[in-house]
1. Spelling out what I want: for every residue of region 204-210, take phi, set θ = phi - 60°, compute 6.51 cos²θ - 1.76 cosθ + 1.60 (Karplus), and round to whole Hz; glycine and proline get x.
2. Scale the Cα Rg of region 79-204 by the rule-of-thumb value 2.2 N^0.38 Å and send over the ratio, two decimals.
3. Can you compute the radius of gyration and Dmax for region 4-224, using only the Cα atoms, both in Å?
4. What aspartates and glutamates does K71 reach when the alpha-carbon gap must be under 17 Å and sequence neighbours fewer than 8 apart in one chain are set aside?
5. What 222 nm value per residue comes from the helices of the chain, counting each DSSP H run with n ≥ 4 as -39,500 (n - 2.57) and dividing by all residues, nearest 500 deg cm²/dmol?
6. With +1 on the Cβ of every Lys and Arg and -1 on the Cβ of every Asp and Glu, and nothing else charged, how large is the dipole of region 1-124 about its Cα centre, in debye rounded to the nearest 20?
7. With 10 angstrom as the radius, rank S46, S29 by how many other C-beta atoms surround their C-beta, starting from the fewest.
8. Quick check for me: using +1 on Lys/Arg Cβ and -1 on Asp/Glu Cβ, what's the dipole size of the chain about its Cα centre, in debye to the nearest 20?
Amino acid sequence: MSGILLELKDICKSYRDGSEERVILDGVSLAVGKGEFAAIVGPSGSGKSTFLSVAGLLLTPDRGNVLIGGKDVTGASKGERTMIRRRQLGFIFQSHNLLPYLKTADQLAIVQEKPMREKVSVDELLSELDIADCRDKFPAKMSGGEKQRAAIARAFVNDPDVILADEPTASLDAQRGRLAVEMIRNEVKKRNKAAVMVTHDNRVLDLVDSVYRIDGGKLLKERFE
Ligand SMILES: Nc1ncnc2c1ncn2[C@@H]1O[C@H](COP(=O)(O)OP(=O)(O)OP(=O)(O)O)[C@@H](O)[C@H]1O
Ligand SMILES: [Mg+2]
């Protein structure tokens, strides 16, 4: 297998707006390798979340191919897509999306997919993200930063090849936002994963390896190291 963990090739996606067809993604391509942390920036409504949804197999493009771990999953069935999503992808959303009636350890336990011997220890992960003391707390008893870190822990629990984060710092202050992005970066570097983060926050762009801008349906590389 090559070092590319996530590849999108010539993706097109339009939405129907009344009688009009609105082109959101107009032939967009991106490849992210092992140990690479990429950021996508661009104006509101430019298609960043749409793009991330296509990458995460939540949305089917009108045209183009999605490859995960070198395998073309474009034509995969709904069931296969769900399996790939659970086993190979980790999602972090703008709002933490934790279930209000579950304690932190259980938020992670219910999404765990890997066979017992491959499992990442929930306690280890919570310690790594410095929220070990939230293990038996409900979200309502946790701060915004703690909740976001619990959501990051949940995205890491299946040891995914690819991490997708849609504005993970949006509900956090500058310092906590930076910490959250540092945690994603550490995971990418330590475990050789690929990550794509959509962000509006220019102050965290020094933490990523490459920056892409999406505008007018096109994706352009702005910075690459
Ligand atoms: N399911 C849908 N049906 C129709 N139009 C949609 C749908 N989802 C998104 N759109 C439109 O597609 C465009 C791109 O949306 P998207 O959510 O990808 O933008 P974004 O870049 O993530 O914006 P933001 O920075 O505000 O989150 C927007 O104009 C939006 O209104
Ligand atoms: Mg968005």
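Laboratory data are not the source of any read-out in this text; all were calculated from the coordinates shown. No experiment lies behind these values; they were computed from the predicted model shown. Positions of Cβ are backbone-derived with ideal geometry, glycine not excepted, and every protein chain shown enters the neighbour counts.
1. Ordered by residue, 3J(HN,Hα) equals 9, 5, 5, 8, 9, 8, 9 Hz.
2. 0.98
3. Calculated on Cα positions, Rg and Dmax stand at 17.1, 53 Å.
4. E7, D10, E80, D161
5. -8500 deg cm²/dmol
6. 300
7. S29, S46
8. 360
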